[in-house]
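Single-structure report; data block below.
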Amino acid sequence: MAIKKGLFITIEGPDGSGKSTQIERLKTYFKEKTYPVIFTREPGGTKISEKIRTLILDKENREMADLTEAFLYAASRAQLVAEVIGPAIDRGEIVICDRFLDSGIAYQGYGRELGDCVRAINEYAVQGYMPDLTLLMHIDPQTGRARMKERSLDRIEDEQQAFHQRVYEGYLQLEREYDRFVGVNADDSVEAISKALIGHIEALMRERGFL
Ligand code: TMP
């Protein structure tokens, strides 16, 4: 287990939860501050992981086996942990990551119904770096889907409603299991959601002596 000096915060939620808008707002907010906050995302966040992202989300790859998908997400994660998250946490910095292992458990474990093997696959990938705080965007999957109507969907987003329903139930199950989860009402105004997210992040920073 790694000895952690920094803070590791993840933002999770179903597709169409407004997560991307909120991450952009968080970036703007923390840019004006002096404390060291690094933003990254999954799948992606490094040159290699972004290539894996393209491979996974490409709609042409219809024949991708569920297990291959789980391994590719884990491979992208292993690179991000090795190259970005691990070193930043070890330097005592604050990392805010758009999705992490909980996405794997929700999407591949529950959505694809691969179950516990997702945890096993990822055990080595994360090298003991697990979030201190996970902010979960609460949104009914149907509402989330309706919000995405205007854009072209990637291979995962394009899955059927039942898949997205299982993903959301997976998230709610994880929230019941782990104290590090904090739910945020993603059906609220953009302003109110931002305020809630910043509030939770700064509360943890204060608690750990970063503020
Ligand atoms: P994004 O649209 O939030 O950037 O995420 C890309 C898609 O990848 C999204 O539909 C969720 C999915 N995903 C998984 O299925 N498993 C994972 O482990 C991660 C990190 C994302």
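The values are calculated or read from the model by the stated rules, or taken from the named source; none is laboratory data. Owing to the predicted nature of the structure, the values given are computational and were not obtained by experimental measurement. Note that we place each Cβ from the backbone using ideal geometry, even for glycine, and neighbour counts take in every protein chain shown. The protein model used for the area step is the full one, side chains on, heavy atoms only, and it has no ligands, DNA or RNA in it. Shrake-Rupley method; radii C 1.70, N 1.55, O 1.52, S 1.80 Å.
Observations
- Taken together, the residues in the stretch 65-82 that are under 12 Å from Ala125 (Cα atoms) and of a type outside the set (A, V, I, L, M, F, W, C) amount to 4.
- Residues located in the stretch 1-57, provided they are over 18 Å from the mean Cα position of the chain (by Cα), in contact (Cβ under 8 Å) with a residue 60 or more places away in the chain and in a helix (DSSP H, G or I): Tyr29, Phe30
- Hey, Leu114 within 12 Å of the ligand (Cβ to nearest atom), of a type in the set (A, V, I, L, M, F, W, C) and open to solvent by 40 Å² or more (accessible area, probe 1.4 Å) or not: yes
- Qualifying residue in the stretch 19-29 (condition: within 11 Å of the ligand (Cβ to nearest atom) and crowded, with 20+ Cβ neighbours inside 10 Å): yes
- Taken over the stretch 86-99, the criterion of being more than 11 Å from the ligand (Cβ to nearest atom) and either open to solvent by 40 Å² or more (accessible area, probe 1.4 Å) or touching a Ser or Thr at 6+ places or on another chain (Cβ under 7 Å) (or both) is satisfied by Pro87, Asp90, Arg91, Val95.
- The criterion of at least 2 residues that are without any contact (Cβ under 8 Å) to a residue 12 or more places away in the chain is met by the following helices (runs of 4 or more DSSP H) wholly inside the stretch 87-196: 117-126, 161-177.
- Checking Ile48, Ile38, Ile56, Ile52 one by one, the residue that is among the hydrophobic types (A, V, I, L, M, F, W, C) and open to solvent by less than 10 Å² (accessible area, probe 1.4 Å) is Ile56 and no other.
- Residue satisfying condition, being open to solvent by 60 Å² or more (accessible area, probe 1.4 Å), under 17 Å from Asp15 (Cα atoms) and modelled with pLDDT of 95 or more, within set Gln165, Gln127: Gln165
- If you go through the stretch 141-159 and pick out every residue that is surrounded by fewer than 15 Cβ atoms within 10 Å (Cβ to Cβ) and either closer than 12 Å to Gly13 by Cα or away from the ligand (no atom under 13 Å from the Cβ) (or both), you end up with 5.
- Where Thr68 falls short, out of the listed (1) surrounded by 12 or more Cβ atoms within 10 Å (Cβ to Cβ); (2) more than 11 Å from the ligand (Cβ to nearest atom); (3) touching a residue at least 60 places away in the same chain (Cβ under 8 Å); (4) under 19 Å from Glu157 (Cβ atoms): (3)
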